[in-house]
Amino acid sequence: MKKVLQQFKTGDLSPITNVARIHLDDTAPAMRWSLSNKVLAYAQSGELDCRGYRQWEQAGRMVKKGEKAVYILRPVMVRMRKQDSEELEEKYTCIGFSTVPVFAASSTEGQSGLTVYDPIKYPPLYEIAQKLGVAVEYAPVADNKLGDCLADGSKIRLGTHDERIFFHELAHAIHARIDGELKGGQHAGQETIAEFTSVVLMDLYGFADTTGNAWNYISQYAEDPLLAVTKAIGTVEKVLKVLLEEELTC
Ligand SMILES: [Zn+2]
């Protein structure tokens, strides 16, 4: 932790690296949706691969009894009448939106298997997460995020195989356990704790230096990243203690 903090203090930060996302199966209809529909479906169901009833049938799966639909929006396009004329305009105009019910992949059953998005090799602490009762799910997520964590820390969802994101969400989950529950939305203090914990774990397990990413990330939330980290450090220590003590007793 001291080493990472020192890097922050001296400005000795690695260049920003891009994270490779888990991509949806090419055949999934959501591939062709607008960003807002992807975000809508994901926010309601926690899954990106949502499809209409018939679309699932075509993929060899049935929607399970009692499963609830989530809704996306489809623009209602009409050809307006030309001014003072019976003729119709060439172009279509959007006059509003209608809702379209779709179902998440986990709401379906059938012979045709769903794509498994898990990595070939799980990251360090993956088993610890399970032992601590944190479910880990790998699946494509909406384009506006890379992963997330339920407020009670019982489950994390990862839209990438990158260890940095796994550590970040795992830190959120453990933090939730320590404090009872996470605050909703992107809370500056919480993000700093998760991101700093992640960098320390990346360093500890010998992955690429990601301090630059962390600095950039924390800067989005805090004017002075170093001060934010200093404030967060007590909780970071607690989170690391839970994770690493559990690993030592394995
Ligand atoms: Zn976060």
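The values are calculated or read from the model by the stated rules, or taken from the named source; none is laboratory data. Remember, predicted model here, so these are calculated numbers, not experimental data. Because the Cβ atoms are built from the backbone with ideal geometry, glycine has one as well, and the counts that use them run over all protein chains shown. To get the accessible areas, we keep the full protein, side chains included, count just its heavy atoms, and leave off ligands, DNA and RNA. Shrake-Rupley method; radii C 1.70, N 1.55, O 1.52, S 1.80 Å.
Do you know the relative contact order of segment 182-226, to the nearest whole percent, from alpha carbon pairs under 8 angstrom that are 6+ apart?
40
Quick one: dipole size for the chain, taken about the Cα centre, charges +1 on Lys/Arg Cβ and -1 on Asp/Glu Cβ, in debye to the nearest 20.
Working: 28 positive and 34 negative charges, 89 e Å.
Dipole about the Cα centre, nearest 20: 420 debye.
For the chain, carbon and sulfur atoms together expose 51% of the accessible surface, with a 1.4 angstrom probe and every protein chain in place.
Taking the longest Cα principal axis of the chain as reference, the axis of helix 35-45 is set at about 70 degrees. Applying both filters, DSSP loop and at most 16 other Cβ atoms within 10 Å, to the GluC sites (Glu not before Pro) of segment 187-246 gives Glu223.
If R0 is 30 Å, the Cβ-Cβ spacing of Val116 and Lys145 corresponds to a FRET efficiency of close to 0.90.
Taking Ser107, Ser154, Ser198 as the candidate residues, the one with maximal mean-square fluctuation in a Gaussian network model of the chain, Cα springs under 10 Å, is Ser107. Here segment 116-248 is assigned +1 on the Cβ of each Lys and Arg and -1 on the Cβ of each Asp and Glu. Its dipole about the Cα centre then comes out at about 180 debye.
Of all DSSP-defined beta bridges confined to the chain, some 80% are antiparallel rather than parallel. Values of log10 I(q)/I(0) for segment 1-44 across q = 0.14, 0.17, 0.18, 0.25 Å⁻¹ run -0.60, -0.65, -0.66, -0.95, by the Debye formula with one identical scatterer at each alpha carbon and no solvent. Residues Ser36, Ser45, ordered by accessible area of protein heavy atoms at a 1.4 angstrom probe radius and largest first, appear as Ser36, Ser45. Taking all protein chains together and rolling a 1.4 Å probe, Cys149 ends up with roughly 30 Å² accessible. Between the helical axis of 188-204 and the dominant principal axis of the chain, each derived from Cα atoms, what acute angle in degrees is found, rounded to the nearest 10? In the chain, helix 188-204 runs at an angle near 60 degrees to the longest axis. Using only the alpha-carbon atoms of segment 29-109 as identical scatterers, what base-10 log of I(q)/I(0) does the Debye formula give at q = 0.11, 0.17, 0.18, 0.19 Å⁻¹? Normalising to I(0) and taking log10 leaves -0.40, -0.69, -0.74, -0.79. Across the chain, Cα pairs under 8 Å and at least six residues apart give a relative contact order of 19 percent.
Computed from Cα atoms, the angle from the helix 163-179 axis to the main principal axis of the chain rounds to 80 degrees. Select from Ile218, Ile95, Ile174 the residue whose mean-square fluctuation is largest in a Gaussian network model of the chain (Cα-Cα springs shorter than 10 Å). Answer for the Gaussian network model of the chain: Ile95. Solvent exposure of the chain, expressed per residue, is 57 Å² of accessible area, with all protein chains present and a 1.4 angstrom probe.
Listed values for segment 214-225 are Karplus-derived 3J(HN,Hα) couplings in whole Hz (6.51 cos²θ - 1.76 cosθ + 1.60, θ = phi - 60°), namely 5, 4, 4, 5, 5, 4, 5, 9, 10, 5, 10, x, and x replaces Gly and Pro. For segment 46-118, the set of GluC sites (Glu not before Pro) satisfying both a DSSP loop assignment and a count of at most 15 other C-beta atoms within 10 Å is given as Glu67, Glu86, Glu87, Glu89, Glu90. Applying both filters, DSSP loop and at most 13 other Cβ atoms within 10 Å, to the trypsin sites (Lys or Arg not before Pro) of segment 48-111 gives Lys64, Lys65, Lys68, Arg79, Lys82, Lys91.
Can you classify the chain as rounded, prolate or oblate using the Cα gyration tensor, where a ≥ b ≥ c are the square roots of its eigenvalues, rounded means a/c under 1.5, and otherwise it's prolate if a/b beats b/c and oblate if not? Don't jump to the answer; show the numbers that get you there.
Details: a/c = 2.64, a/b = 1.75, b/c = 1.51.
Prolate, since a/c reaches 1.5 and a/b exceeds b/c.
Over all pairs of different C-alpha atoms, segment 116-248 has a mean inverse distance whose reciprocal, the Kirkwood radius, equals 14.7 Å.
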